[in-house]
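Peer 1: A single structure is presented below for examination.
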Amino acid sequence: MLAMHRIDRGLGGMRIWFLLALGSVTAVACQAGDTSHGTTTGAGSSSGGGDSGVTQPVVTTLSGRSRFGLAFGGVSGNLYVTDFEGNQIDEIALDGQKTILAGNGIAGYLDGPANSAEFGELVGVVLDGEGNVYVSDDESNTIRKLDIAGNVTTVAGDGHAGDLDGMGTSAEFNAPWGIALDGSGNIFVADSRNNRIRKIDATGLVTTVAGNGSPGFRDGSVGRTGSAEFREPLGVAVDANGNLYVADTGNQRIRQISAAAVSTLAGNGVDGGFLDGQASKAEFNGPFGLAVDSVGNVFVADAYNNRVRSLSAQGVVNTLAGNGQEGKVDGTGGADGNAELTLPLGVALGVGAVLYVSGNDQIRKISW
């Protein structure tokens, strides 16, 4: 069994407990983008089999900054980020220009006009097709909404740490992190300390999609009382068919939730490992943010390996960018490239073969 460790991230005083045998694990965010990305199984040579027909990715650094949540889209085609320490929601143009969308900078919990609203520890962020922005507020255990009229409201959560399904603000979460949005307006939440994946439907009803609440690793049936178990899930993404993908961080695995069951897509569960190759044998070290493209490729922010990994629809894990060394070096991607990443946490798909990455107060761009 994994030992209980207290994780001190040294990030704005944030503390959380994880069931991990490795060092610290941070944040999450998820969801994003777009479109068709062609072949996205990795590039160049990578242990476990790169795709030699793929152009080697290139990593560059954008002018904006983000430590956690990252989403791409909206009318402007800009990036949307959660400013964890500034307690704000920001919009960042691709030239680096920042606009504060909501938050007065004071740590707290207050709905209302965007410029007077208060947030706590903002992590996940996602946009809908109309331009409304949804964020997970870990400190207040709520999901908040910034609408296109500039008002902040609470979509779900009563502000107390708990584990309760129900309508909107009568429901309870315990450290909600990654969030994702499907085409029907359903919001999915990685409810990390409850070891569950939750759903907020278009009417505001909160239900449990999967995870029986026990911290563990078990594939199986969905629902609140189903047999499936997670251990501190932090990232979540959804594809066009309604399948959910979960960064099961405490288990070092990538899981999938279909209508009927939870299964494991990738990761052998080894703590602190790194191995590309066949999905069932691959190893991760702190998987957090997830994104999935239109053909089923999944992108993973593998934080403590300082890499971004790709899981192809054919079940092969490759390194998209990051040579494993902490750093800020731009350059070539792939496992053997010279580009360096530090604690990548969030990923968001852009237009075409582009992936944006947040972490270490930076935004990086991977193109292939």
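Peer 1: Taking the Cα-to-Cβ direction at residue 275 and at residue 294 and moving 7 Å from each Cα, how far apart do the two end points lie in nm?
Peer 2: 3.6 nm
Peer 1: Expressed in nm to one decimal, what extension gain is obtained for the pair residue 75 and residue 160 from 0.36 nm per residue of sequence separation less their Cα-Cα distance?
Peer 2: Full-extension gain reported as 27.2 nm.
Peer 1: Take the alpha-carbon centre of region 318-368, take the same for region 200-253, and report the distance between them in whole Å.
Peer 2: Taking the Cα centre of region 200-253 as reference, the centre of region 318-368 is 27 Å away.
Peer 1: So, with +1 on the Cβ of K and R and -1 on the Cβ of D and E, and no other charges, what is the size of the charge dipole of the chain about its Cα centre, to the nearest 20 debye?
Peer 2: Rounded to the nearest 20 debye, it is 600 debye.
Peer 1: Mind checking the alpha-carbon convex hull of region 223-277 and giving the volume per residue in Å³?
Peer 2: 96 Å³
Peer 1: Hey, another quick one. Express the relative contact order of the chain as a whole percentage, based on alpha carbon pairs under 8 Å and six or more residues apart in sequence.
Peer 2: Across the chain, relative contact order equals 18 percent.
Peer 1: May I ask you to rank 193, 198, 307 by accessible area, largest first, using a 1.4 Å probe over the protein chains only?
Peer 2: 193, 307, 198
Peer 1: Select from 154, 106, 183 the residue farthest towards the positive end of the dipole of region 45-200; place +1 on Cβ of Lys and Arg, -1 on Cβ of Asp and Glu, and compute about the Cα centre.
Peer 2: 183
Peer 1: To the nearest 20 Debye, how big is the dipole of region 153-216 about its Cα centre, given +1 on the beta carbon of each Lys and Arg and -1 on that of each Asp and Glu?
Peer 2: 140 debye
Peer 1: Let me ask another. Full-extension gain between residue 227 and residue 61, please, as 0.36 nm times their residue separation minus the C-alpha to C-alpha distance.
Peer 2: In short, 55.5 nm is gained.
Peer 1: Next question, about the same structure. In the set (i) -0.18, -0.63, -1.25; (ii) -0.21, -0.78, -1.64; (iii) -0.38, -0.84, -1.25, which value of log10 I(q)/I(0) by the Debye sum over Cα atoms at q = 0.06, 0.11, 0.15 Å⁻¹ was calculated from the structure you see?
Peer 2: Read-out from the structure maps to (i).
Peer 1: Please report, in debye to the nearest 20, how large the charge dipole of region 294-368 is about its Cα centre when each Lys and Arg carries +1 at its beta carbon and each Asp and Glu carries -1 there.
Peer 2: So the magnitude is around 160 debye.
Peer 1: Specify whether the C-alpha gyration tensor of region 265-368 places it in the rounded, prolate or oblate class, a ≥ b ≥ c being the square roots of the eigenvalues: rounded for a/c under 1.5, otherwise prolate if a/b is larger than b/c and oblate if not.
Peer 2: oblate
Peer 1: To continue, here is another question. What does the highest-first list of 95-101, 230-236 look like by mean Cβ count within 10 Å?
Peer 2: The densest-packed peptide leads the list: 230-236, 95-101.
Peer 1: Quick one: grab the alpha carbon gyration tensor of region 115-154, order the square roots of its eigenvalues as a ≥ b ≥ c, and give me rounded if a/c is under 1.5, else prolate or oblate depending on whether a/b is larger than b/c.
Peer 2: Oblate shape, in that a/c is at least 1.5 and b/c is the bigger or equal ratio.
Peer 1: Treat each spin label as a single point 7 Å out from the Cα along the C-beta direction, and report the residue 329 to residue 110 distance in nm.
Peer 2: 4.7 nm
The values are calculated or read from the model by the stated rules, or taken from the named source; none is laboratory data. Just so you know, these numbers come straight off a predicted model, no measurement behind them. We place every Cβ from the backbone using ideal geometry, glycine too, and count neighbours over all the protein chains shown. Ligands, DNA and RNA are excluded from the accessible area calculation, which covers all protein heavy atoms including side chains. Shrake-Rupley method; radii C 1.70, N 1.55, O 1.52, S 1.80 Å.
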